[in-house]
Amino acid sequence: MIALTATPHARLRDLLAAEWIKLWSLRSTAWLLGVGTLVMIGLAAQKSIDTYNSWPAFPPREKAMHNPMTDALSGLTAAFLVMGAGSVGALTIAGEYASGLIRTTFAAVPARHRVVAAKVCVVAGVMLATGTVIAVATFGVSQAILSGRDAGVSIGDPGVLRALTANALLAPVSALAGMGIGALLRHTAATIVTVIAVLVVLPTAFKPTVHQWANELYALFPFYVWRNCLSLTHPRVDPALPTVTGSWIVFALWPLAGALLTLIVLRRRDV
Amino acid sequence: MIEVNGLTKRYGDVLAVHDLTFTVRPGHVTGFLGPNGAGKSTTLRMILGLHEPTSGSATVDGQPYRRRSAGLRHVGALLDADDVHGGRSAAAHLSALARSNGLPRRRVDEVLREVGLAGVARRRVGGFSLGMRQRLGIATALLGDPPVLLFDEPVNGLDPEGVRWVRGLFQRLAAEGRTVLVSSHLMSEMENTADRLVVIGRGELIADESVAEFAARGARTRVTVRTPDTAELASVLTLAGASVCPEGDDGLTVTGLSAARIGALAHERRIVLHELAPRTASLEEAFMELTADSADYRADYRADHQADYRAEARR
């Protein structure tokens, strides 16, 4: 037998590297993240140019109400971002099940929780990096255009940094939530449909109502709290609307739940 | 060494594997045989910790496999050649696996050369033929240079040259002192490869012995006799303890007595014999005979069933 001199057991660093190789050796990853980021920046430019052109015709009231953050990342752009990131996260699990690779993976690393930990770290890291690039680039592009009309904001203005942080976190939060759904459902098509329904379509349909229980339920969805609180520089304080603290908690709980669900399901189920 | 002890797996109503106990020793190629649906793959998956046994246990070198963090260094396995993502290249697939076990990158090139895929290392696996994917699966199994190797139907899709190569590989691995378990539903595949056999049917153990012992079972003196007086000879032989089965107008197939004994008995009773031919059953026949009762999806099962149905309809 050939003597293999390396360490007798795999370190977490090796598992992280393995998941990194797996993520980037699929051509679709680079394409999706690259093209996705460019589309986001393009949409920010288009929306900002629109505002730039109509600005002189805006009545003073509209100028005062104008939120430059929505020129950077509009609700529609954010919906694309959540769908894309959620699908990437979901496919890292569902894709392994669909191809059967999951058996090869777990036969190679029988301690499954270590595989899940590495996968969660790599997906969260890559998505946080992508989200940060998107948040900063869309903000930069829209500011460069809007400053021509003196309609921009500075990063030091109240609420701006918070909105930027929320924009950057949207991708990793969605990706890990998607991963949990992928682990639960396994089938690619069902997973993607569910990810889009739960993360985007459902919370888009929610509107503040007179029923407080409904408002509280709505405030549990990350896309809803992003739209109605975190993305706004001056979120309204209203019992019918999510609070800033509550919104951050939702942003923390969804990825945590997604990661935990993945861990529990993958450890227990026969593959 | 693989030790399987009282292994049982139940999927809902289906008992896939029932109270299976056997040991696979190092230094041999052990054939793991059984008809389709006998529970071979389920057993292999339980050994690898992919499926949780309902009861019983399976250990590899004394430990449950699920405890290992770098599995490729302990067990190399080819379960299904399709258990890869078609979008990755062969090299990327193996690189990720090697890295996950802390194996040096050079192992990837080494195993790709060994299985003859070095030339297509950068091509996407999705475009591979079944034979190429089998070779990639074998490369995966060899990656960690493991002391124990499992192969589930590895010959599927290989061309004759590939079949010969894979047989030589298994024998070399065993000669190096490794434990090699190769499953198949065809005895003929094992005849020239394995020196030990574990045979299962309907999830239960049928045989766990050397190939020679297994062949001896099937060779259990079966003799063809031709005589004008079949009725007389049949009663004589039955009295002597044989089981007799008529064959054509003037023939009998006898099991349980040697050809010499049959000849002697016929001579005593002055029965004329036209032919007295001992038949040595092949391994294939031994296998068919032993698993006949346990084959799950036999073609004639359905035919029998339909015959019963027709008989019922006539009544």
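The values are calculated or read from the model by the stated rules, or taken from the named source; none is laboratory data. Since we're looking at a predicted model, the values are computed, not measured. Here the Cβ is made from the backbone with ideal geometry for all residues, glycine too, and neighbour counts use every protein chain on show.
All told, A:R227 meets the bar of being of a type in the set (D, E, K, R), within 14 Å of the chain's Cα centre (by Cα) and surrounded by 15 or more Cβ atoms within 10 Å (Cβ to Cβ). From B:A91, B:A77, B:A70, B:A96, which residue is within 12 Å of chain A (Cβ to nearest Cβ) and more than 18 Å from A:A18 (Cα to Cα)? So the residue among B:A91, B:A77, B:A70, B:A96 that is within 12 Å of chain A (Cβ to nearest Cβ) and more than 18 Å from A:A18 (Cα to Cα) is B:A77.
Against the conditions (1) closer than 19 Å to B:L136 by Cβ; (2) without any contact (Cβ under 8 Å) to a residue 12 or more places away in the chain, B:R67 satisfies every one except (1).
Return a yes/no flag: does the range A:215-223 have any residue that is within 14 Å of A:A79 (Cα to Cα) and assigned to a helix (DSSP H, G or I). Checked the range A:215-223: at least one residue is within 14 Å of A:A79 (Cα to Cα) and assigned to a helix (DSSP H, G or I). Remark: A:G75 falls outside the filter, which requires a residue to be under 23 Å from the mean Cα position of the chain (by Cα), more than 14 Å from every other protein chain (Cβ to nearest Cβ) and modelled with pLDDT of 95 or more. If you go through the range A:11-29 and pick out every residue that is at the interface with chain B (Cβ under 7 Å from one of its Cβ atoms) and crowded, with 17+ Cβ neighbours inside 10 Å, you end up with 8.
Condition test on B:E209, is it touching a Lys or Arg at 6+ places or on another chain (Cβ under 9 Å), assigned by TED's automatic domain parsing to the domain that holds B:A77, among the charged types (D, E, K, R) and under 30 Å from B:V4 (Cα atoms)? Spell out the reasoning first.
Details: touching a Lys or Arg at 6+ places or on another chain (Cβ under 9 Å): yes; assigned by TED's automatic domain parsing to the domain that holds B:A77: yes; among the charged types (D, E, K, R): yes; under 30 Å from B:V4 (Cα atoms): yes.
In short, yes.
Just one residue in the set A:V201, A:V193, A:V141, A:V153 is crowded, with 18+ Cβ neighbours inside 10 Å and not in a loop (DSSP other than H, G, I, E, B); that residue is A:V141. Within the range B:205-214, the set of residues being out of contact with any helix residue (DSSP H, G or I) (no Cβ under 7 Å at 6 or more places or on another chain) and in a strand (DSSP E or B) comprises B:L205, B:D208, B:E209, B:S210. Taking first residues from the range A:187-201 that are within 14 Å of A:I93 (Cα to Cα) and partners that are among the polar types (S, T, N, Q), the Cβ contacts under 9 Å between residues at least 6 apart in sequence or on separate chains come to A:T191/A:S87; A:I192/A:S87; A:V195/A:S87; A:V195/A:S174.
Is at least one residue of the range B:59-77 of a type in the set (S, T, Y), in a strand (DSSP E or B) and out of contact with any Phe, Trp or Tyr (no Cβ under 9 Å at 6 or more places or on another chain)? If you could, list the steps in order and put the result at the bottom.
Keep residues of the range B:59-77 that are of a type in the set (S, T, Y), which gives B:59, B:65, B:69.
Add one more test, that the residue is in a strand (DSSP E or B), and what stays is B:59.
Narrowing further to those that are out of contact with any Phe, Trp or Tyr (no Cβ under 9 Å at 6 or more places or on another chain): none.
Scanning the range B:59-77, I find no residue that is of a type in the set (S, T, Y), in a strand (DSSP E or B) and out of contact with any Phe, Trp or Tyr (no Cβ under 9 Å at 6 or more places or on another chain), so the answer is no.
Considering the range B:172-210, and only residues there that are of a type in the set (D, E, K, R) and within 14 Å of chain A (Cβ to nearest Cβ), the residue that is nearest to B:M46 (Cα to Cα) turns out to be B:R178.
The numbered conditions (1) within 30 Å of B:G102 (Cα to Cα); (2) modelled with pLDDT of 95 or more are all true for A:M40 except (1). Within the range B:220-243, being modelled with pLDDT under 90, part of a strand (DSSP E or B) and closer than 15 Å to B:A277 by Cβ holds for B:R222, B:V223, B:T224. Here B:L142 does not qualify as surrounded by 24 or more Cβ atoms within 10 Å (Cβ to Cβ), closer than 28 Å to A:R13 by Cβ and within 12 Å of chain A (Cβ to nearest Cβ). If the condition is being touching a residue at least 40 places away in the same chain (Cβ under 8 Å) and not β-branched (V, I, T), then the range B:190-205 contributes B:M190, B:E191, B:A194, B:D195, B:R196, B:L197, B:G201, B:R202, B:G203, B:E204, B:L205.
Applying the selection to the range A:89-116, what residues are within 14 Å of chain B (Cβ to nearest Cβ) and among the aliphatic types (A, V, I, L, M)? Matches in the range A:89-116: A:L91, A:I93, A:A94, A:A98, A:L101, A:I102, A:A107, A:A108, A:V109, A:A111, A:V115, A:V116.
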